[in-house]
Amino acid sequence: MDENASRPPAAPPPPAVPPAAFPPPWPTEKPVPPKKRRINAVIIGSAAAVIAAIITTGVVVAGATKGSTNDDDKPTSGATTASSVPDVDLVNPATEPTYSQVDADSFSIDLRTTQRQCFGTAGCNVTVEPELTYLGSSGDLDPDAVYEITYEIHGDESGPVIQTAELTDQTSLSYKPSLISTASASTELSVEITDVQEG
């Protein structure tokens, strides 16, 4: 028996196909690891909480401002504590008043004669008091300060007489009357401010 005759013919092998003929497999999506999903959820949750806090704060501030006015439509102190505006803008710092610097040129002075006794050719005894005028506004003077004003009277037969007056409370003048002895009845008295000290 012929071996070749009794065997059925073998199936032909499949044709060889080059590997490039098939399209490449479609990329498959890789599943996102659960850790990244948790991070995204935390970020989204935090953002939502911040937005909710901002909205709530705005509602509280608006409610406190609307509900805390009195009859004069002026906000009470409760509205300022709920506000997000810094306290520095709400409170005006107390400014200390400034007062003028005074010196001898800040005043004018005259003498007022309160008594006069003359002795013929021997001269006269004259009692005088200072009349002081501040040349600015009395509001320019410090009400808590004491101004010591030294003045000099000319015309006494023994030489100049120096006195000091005190100005307090901007308008109150304290002084001691001066007794001047003149050489004759015709002697003219004069006065000038020599110094001003603030105490």
Exercise. So, in region 111-144, of the ones that are part of a helix (DSSP H, G or I) and either crowded, with 17+ Cβ neighbours inside 10 Å or of a type in the set (G, A, S) (or both), which residue ends up farthest from the chain's Cα centre (by Cα)?
Worked result: G120
Problem set entry | Residue satisfying all of: in region 156-172; assigned to a strand (DSSP E or B) and touching a strand residue (DSSP E or B) at 6+ places or on another chain (Cβ under 6 Å); surrounded by the fewest Cβ atoms within 10 Å (Cβ to Cβ) among these | I162
For this session: Could you grab me the full set of residues in region 173-198 that are open to solvent by 50 Å² or more (accessible area, probe 1.4 Å), among the small types (G, A, S) and in a strand (DSSP E or B)?
Result: S174, S190
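Can you find even one residue in region 89-100 that is in contact (Cβ under 8 Å) with a residue 24 or more places away in the chain and open to solvent by less than 90 Å² (accessible area, probe 1.4 Å)? Full working, then the answer.
Taking region 89-100 and keeping what is in contact (Cβ under 8 Å) with a residue 24 or more places away in the chain, we get 99-100.
Now restrict to residues that are open to solvent by less than 90 Å² (accessible area, probe 1.4 Å): 99-100.
Yes: region 89-100 contains one or more residues that are in contact (Cβ under 8 Å) with a residue 24 or more places away in the chain and open to solvent by less than 90 Å² (accessible area, probe 1.4 Å).
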For this session: Given the conditions (1) among the hydroxyl-bearing types (S, T, Y); (2) closer than 20 Å to E188 by Cβ; (3) modelled with pLDDT under 85, report the number of the one that T121 does not fulfil.
Result: (3)
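The values are calculated or read from the model by the stated rules, or taken from the named source; none is laboratory data. Computed from a predicted model, the values in this text were never measured in an experiment. Here Cβ is always computed from backbone atoms with ideal geometry, including for glycine, and neighbour counts include all displayed protein chains. Only protein heavy atoms, including side chains, enter the accessible area calculation; ligands, DNA and RNA are left aside. Shrake-Rupley method; radii C 1.70, N 1.55, O 1.52, S 1.80 Å.
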